[in-house]
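J.: Take this structure, written in structure tokens, and hold onto it; I'll ask about it next.
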């Protein structure tokens, strides 16, 4: 019998807890505990963008959540980050390594403890034209004739908010260590067909030696909306193997 887990889901830039709604429902229906958080000035978080002046401000809801968790060995969580949230969960791994059984990076920035995490953002923009991102369209289904596509698109149009990158905060100092961040198992989920985190860049992340690599085909960037069942099954499998 599979063990029931506690999954903590962290959204990428400009999104919020809302983007996980399909996966949350699937995990909860299977009996798991799920926490999907809004980071600073994201989703329905009441702060305005101008009030979030640092990466620390942006991360505060995540850090407060972990501080509230018990320290018991059998209460560890599975921490999941999408896209930009790879940097967010990395800082949580550094600060609370004993509260995390495994960290899952979904087409996400996955840093190495030997270099500042912000260098990944710099490398990303060396490889990706800003014009491309501005013109990028997110599709959340298998075609415009599919009702879920329209529903997800309308939801996103209502709830997407601007967000900062906080590069300066992330390129200064030794933010990650092998003893803490490096002690938490990492799994990378590669998304095929992703036009935001291109597959070439995802391969660069995989060079940072996760314990395992999973692949979801024809996913696009917003896999939690385009392929929720496939993502759900992978998360369950990761939970069974790493907890």
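The values are calculated or read from the model by the stated rules, or taken from the named source; none is laboratory data. Quantities reported herein were computed from a predicted structural model and do not represent experimental measurements. Positions of Cβ are backbone-derived with ideal geometry, glycine not excepted, and every protein chain shown enters the neighbour counts.
J.: If a residue must be without any contact (Cβ under 8 Å) to a residue 40 or more places away in the chain and under 20 Å from the mean Cα position of the chain (by Cα), how many such residues does region 61-76 contain?
T.: Result for region 61-76: 6.
J.: Restricting attention to region 82-141, which residues are surrounded by 21 or more Cβ atoms within 10 Å (Cβ to Cβ), in a loop (DSSP other than H, G, I, E, B), out of contact with any strand residue (DSSP E or B) (no Cβ under 7 Å at 6 or more places or on another chain) and at pLDDT 90 or above?
T.: 83, 84, 96, 109, 111, 117
J.: To continue, here is another question. State all residues of region 181-208 that are part of a loop (DSSP other than H, G, I, E, B) and surrounded by fewer than 22 Cβ atoms within 10 Å (Cβ to Cβ); if no residue qualifies, say none.
T.: Listed by number, the residues that qualify are 185, 192, 193, 194, 195, 196, 198, 207, 208.
J.: Okay, next question. Looking only at residues that are within 23 Å of residue 33 (Cα to Cα) and modelled with pLDDT of 95 or more in region 209-223, which one is surrounded by the fewest Cβ atoms within 10 Å (Cβ to Cβ)?
T.: Selected residue: 214.
J.: Can you tell me which residues in region 166-180 are assigned to a loop (DSSP other than H, G, I, E, B), at pLDDT below 90 and surrounded by fewer than 17 Cβ atoms within 10 Å (Cβ to Cβ)?
T.: Correct list: 171, 172, 173, 174.
J.: I'd like to verify a number: residues in region 12-54 that are part of a loop (DSSP other than H, G, I, E, B), under 23 Å from residue 75 (Cβ atoms), in contact (Cβ under 8 Å) with a residue 60 or more places away in the chain and in contact with a strand residue (DSSP E or B) (Cβ under 9 Å, 6 or more places away or on another chain), how many?
T.: Final tally of qualifying residues: 1.
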